[in-house]
Structures are given as C-alpha cells and as structure tokens.
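In what follows, a single structure is set out as structure tokens and then discussed.
The values are calculated or read from the model by the stated rules, or taken from the named source; none is laboratory data. Bear in mind the structure is a predicted one, so any value in this text is a computation, not a measurement. With ideal geometry, Cβ positions are generated from the backbone for all residues, glycine too; neighbour counts draw on all protein chains shown. Remember, those area values only see protein heavy atoms, side chains included, never the ligands or the DNA or RNA. Shrake-Rupley method; radii C 1.70, N 1.55, O 1.52, S 1.80 Å.
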Amino acid sequence: MKVGKFFTMLSIFVMVSAAVFADEAYDVMKKFTTLDVPDFSQATLNLEIIEKNGKVEKRTMMQYGRKVNGLKATVFDFKSPANVKDTRVLQSEKSEKDDDRWIYLPELKTSRRIPTAERSKQFVGCEFTYNDMSIRHVDDDTHEMISPNESVTINGSTNGANYGSATYNCWKIKSTPKKKSEVEYSFRYSWIDKNTYLPVKMEYYDKKDPNVLLKTFIIEKIDNVKGESGKNYVLRRSCFIENHKTGRKTRVMAANEVFDKKLSAGYFTQNWLQTGKAK
C-alpha cells in the first residue's frame, strides 16, 4: 500500500511538473512573439546567398514597418541586383484571420496574394521562407519545455562573417505546428535567450523524417538600438540560416536602421507594391 501511494504521488508530481513546464514554455514563446517593436521602423537589409560551392550572391532591400493597435505590417523593397530589383513584398497581421501577404513581380507588372500553402517556399530565392520573414503566432504551435536552463554558444565568425562568439543562458523549447500543411518542417527547437527573449538558435526538422535536421538558424549578432523616441530596442543585427539538405546558406544583415520616425501609411498599400511610391 505504501509503495502504491508512493508511485501515485510520484505520478502526480510528474504530471504537475509537466504541466508547469508546458505553461512556462508557452509563456516564454508568447513573450518572444509579443516583444515590443517600434511603431515605425526602416532599415537596409543586405542579403548574402551562399551556394554549396561557395559562390555568393548579394542582394539589397529596404524594409519598412509599422505597428497599429498592436498589429504589425512590414514591406520589403528589393533594390539590387537587377534580376530582383523592384520586387516588393507586403505582410500585414490580422487580428482574427490569417495574415495577408502580397508580392509584386516587376517582370509581370502585377501583384498577387501569397496563399498559405506557398508561405513555406523560399523568400525570393533565399533559404529563408516567407514564414521565416515573420513571427508565428504563439497559438499556431504547441510548446514543450525541453530544458529550462541550457547554455548555447553562437559562433558569429564563420562563412565570411566576423562577429565573434557569444554564450547565452537559454530556455530550450520544442514547438510543433498545429497545422503542418502551413510549414515546411515537422517541429523546431528554439534556444530562447533569457535576457532578450530572442531565439539565438533554432533547429528545424524534416517534414517527412522528423529525425533529420533540415535547417539551422542562428542570430550572429544582437545590438541595442535607441529609437528617435528615446526608447531602446533589441535588434537582430545579423541572422544566418543553413539548409542541411541543399548545402545553401543565407545571411541577412541590418544597417542604417531608424526607429520611431513616422512613415507614411502609403508604404503599406497595394499602390505602393505596384509603384514603389508612398503617397
């Protein structure tokens, strides 16, 4: 009888602990997905697409963002090279339905909506997908705490970068999509830095074989930036992703950032997609 009671109480303890860890994982991911961002932002994004053979293609685009009633809208405007120049992408959060995403292709002189089924595809030919270029809603996944206290060192001095190394104290969380058809992976692990709540590392596992590592994402450098309002923001200065199946890699580096300087609402319209002009 005593043994039975012991195992019963142990089982209860395990179940309660699991529930607490699940709640903690959800809370951590909710904090990450709702980090404070400027009401207005603009920056130059420099992309490096690194082929398996080491060949590097460089691209430059402008990014503009705004937040209204807690909902974020972001636009990307490619400036170079010539084969992608004037390609533009608009992403708008919606409160009670799927986000809107549109792309303008200059060779077709038309814009089209990017359906949910296509958002797991490459973002204008790089290893980031359209899903990667935005933050998933916390309720789109189930979250499990793998480790509440894990150290991870990020080497930011590989593949042509020179950011040095940094070690972070993290939560390690497993996130599994509720709608697997919307993403290109079966689940992902995130190492969330306890100071910034940013995912300094993420691993994505293959959709067909969950034992196979598909992609690895790291934040190579984090900066603190003061906006024109005087508020401080955390900036992912350089992000890097590697596709282990194809051997292709992509780096995105932010420069010339300006936060809290008002932007015209015209940037976040269909007219801007077509013309590149914000009235």
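Name the residues in segment 123-154 that are assigned to a loop (DSSP other than H, G, I, E, B) and aliphatic (A, V, I, L, M), would you?
Hits for segment 123-154 are Val124, Met133, Ile135.
Can you tell me which residue among Ile146, Ile103 is over 30 Å from Tyr267 (Cβ atoms), at pLDDT 90 or above and of a type in the set (Val, Ile, Thr)?
Ile146
From the set of residues in segment 33-57 that are small (Gly, Ala, Ser) and assigned to a strand (DSSP E or B), which is nearest to Tyr233 (Cα to Cα)?
Restricting to residues being small (Gly, Ala, Ser) and assigned to a strand (DSSP E or B), the top hit is Ser41.
Report yes if some residue within segment 65-79 is touching a helix residue (DSSP H, G or I) at 6+ places or on another chain (Cβ under 9 Å) and farther than 29 Å from Asp141 by Cβ; otherwise report no.
Checked segment 65-79: at least one residue is touching a helix residue (DSSP H, G or I) at 6+ places or on another chain (Cβ under 9 Å) and farther than 29 Å from Asp141 by Cβ.
Please enumerate the residues belonging to segment 161-182 that are out of contact with any helix residue (DSSP H, G or I) (no Cβ under 9 Å at 6 or more places or on another chain) and either open to solvent by 80 Å² or more (accessible area, probe 1.4 Å) or among the aliphatic types (A, V, I, L, M) (or both).
Within segment 161-182, Ala161, Asn162, Ser165, Ala166, Thr167, Lys180 meet the criteria.
Considering each residue of segment 140-176, count those that are touching a Pro at 6+ places or on another chain (Cβ under 7 Å) and among the polar types (S, T, N, Q), and give that number.
Summing the residues that are touching a Pro at 6+ places or on another chain (Cβ under 7 Å) and among the polar types (S, T, N, Q) in segment 140-176 gives 0.
Among the candidates Lys215, Lys207, Lys201, which residue alone is at pLDDT below 95 and of a type outside the set (A, V, I, L, M, F, W, C)?
Lys207
In segment 203-213, what count of residues is obtained for those that are open to solvent by 20 Å² or more (accessible area, probe 1.4 Å) and assigned to a strand (DSSP E or B)?
3
Working carefully through the options Ser95, Ser120, find the one that is assigned to a loop (DSSP other than H, G, I, E, B), in contact with a Ser or Thr (Cβ under 8 Å, 6 or more places away or on another chain) and either open to solvent by 60 Å² or more (accessible area, probe 1.4 Å) or at pLDDT below 90 (or both).
Ser120
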